[in-house]
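The values are calculated or read from the model by the stated rules, or taken from the named source; none is laboratory data. From a predicted model like this one, the values you see are computed outputs, not experimental measurements. Neighbour counts run over all protein chains shown; Cβ positions are idealised from the backbone, glycine included. Just so you know, the surface numbers come from the protein's heavy atoms only, side chains and all, with ligands and any DNA or RNA stripped out. Shrake-Rupley method; radii C 1.70, N 1.55, O 1.52, S 1.80 Å.
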Amino acid sequence: MTTQPTTPDPAAATAPMVQIEGLHKLFGDLHVLRGVDLTVQPGAVSVILGPSGSGKSTLLRCINELEEIDAGSVEVAGERMGYREVTRRGRTRLHRLHPKVVARQRSRIGMVFQRFNLFPHRTALENVMEAPVQVRGDSRSTARARALELLDRVGLSDRADHYPAQLSGGQQQRVAIARALAMDPELMLFDEPTSALDPELVGEVLGVMQDLARSGMTMVVVTHEIGFAREVADQVVFMDEGVIVEQGAPEQVLVTPREQRTQDFLAHVL
Ligand code: ADP
Ligand code: MG
């Protein structure tokens, strides 16, 4: 009788990039996230849909620790964000991590916002070089070479010396993506990255995001671009009133949604 070679534990091989459990967030009396569970596998793209005010931005901000959470946990690449558990005399409590540790955790996550938030008095190249030089301490020549590579990747090598005001909204947003990538994030968060753009500029930004997804980047994308969700997402999540109403494969959620609230929302945006 032959013994089978031991295969690696498949669960260990696919440890989630993002694991959110029982997440609650309040702003004063306003209970904005009311028990969110979400798992994103490495290399996967999750698209989050939902009406305005449903808590999508807050969810992204909790992943990135731009908000302190009220209950539950957020893990990125197996590391709990923002807090550590301390058990003393059988009681487990959460302790807020030191701001330096929080900053290190945050630096593993790139975020792109609806508004491009570029530094107006710096060129595209300088915008992309800023964090590697200032935060990570890269030499200017290293940061410059890498920034040029990233600008090339988003199709803007010929705009490196332009200031934001000299660029279209779509170009500015592509610089913002290059800037986020400059810190070599393991995870990219996008909060309605095309909502502020003129319609004719949306495609170039979605194209860059699609390339990024193909390259294997793990992404969580809040967008109303259903076409992007259908083509690029591995998982579509529909949120309403601070909970995930429905999630699944794009065809399932977008074409044959189970929940009435999802159907109503899609009827509005499609
Ligand atoms: P979405 O991105 O889905 O439109 P948000 O996460 O931005 O929703 O907001 C969810 C709810 O939380 C809204 O009612 C919003 O007004 C409220 N909210 C968001 N940020 C804050 C804040 N910093 N202080 C108070 N209320 C907030
Ligand atoms: Mg929002």
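Annotations for the structure displayed:
- Binning the alpha carbon pair distances of the chain at 10 angstrom intervals from zero yields the distribution 7, 27, 33, 22, 9, 2, 0, 0, expressed in whole percent.
- Using a probe of 1.4 Å, the accessible surface attributed to Arg140 totals some 150 Å² when neighbouring protein chains are kept in position.
- Protein-only accessible surface order, largest first, of Thr142, Thr218 at 1.4 Å: Thr142, Thr218
- Mean accessible surface per residue for region 61-195, computed with a 1.4 Å probe while every protein chain stays in place, in Å²: 52 Å²
- Pairs of Cα atoms nearer than 8 Å and 6+ residues apart set the relative contact order; for the chain it is 24 percent.
- Projecting the Cα atoms of Tyr163, Gln263, Ser141 onto the charge dipole of the chain (Cβ charges, centred on the Cα centre) puts Ser141 farthest toward the positive pole.
- Taking the protein heavy atoms of the chain in the context of the full set of protein chains, the accessible area attributed to carbon and sulfur is 48 percent at 1.4 Å.
- Computed over region 117-185: relative contact order in percent, which uses C-alpha pairs under 8 Å that are six or more apart: 47 percent
- Pair Arg104, His24: separation of 7 Å Cα→Cβ label points (nm): 3.1 nm
- Using the Cβ of Arg104 as centre and a radius below 12 Å, the other residues enclosed give a net charge of +2, where K and R count +1 and D and E count -1.
- The chain - mean residue ellipticity at 222 nm from DSSP helices (-39,500 (n - 2.57) per run, n ≥ 4, rounded to 500): -10000 deg cm²/dmol
- When you count the other C-beta atoms within 10 angstrom of each residue and take the mean per peptide, 219-227, 162-170 line up highest first as 219-227, 162-170.
- Separation between Cα centres of region 247-262 and region 91-162, rounded to whole Å: 35 Å
- Each peptide in 110-116, 198-204 gets a packing score, the mean of other Cβ atoms within 10 Å over its residues, and the list from highest to lowest is 110-116, 198-204.
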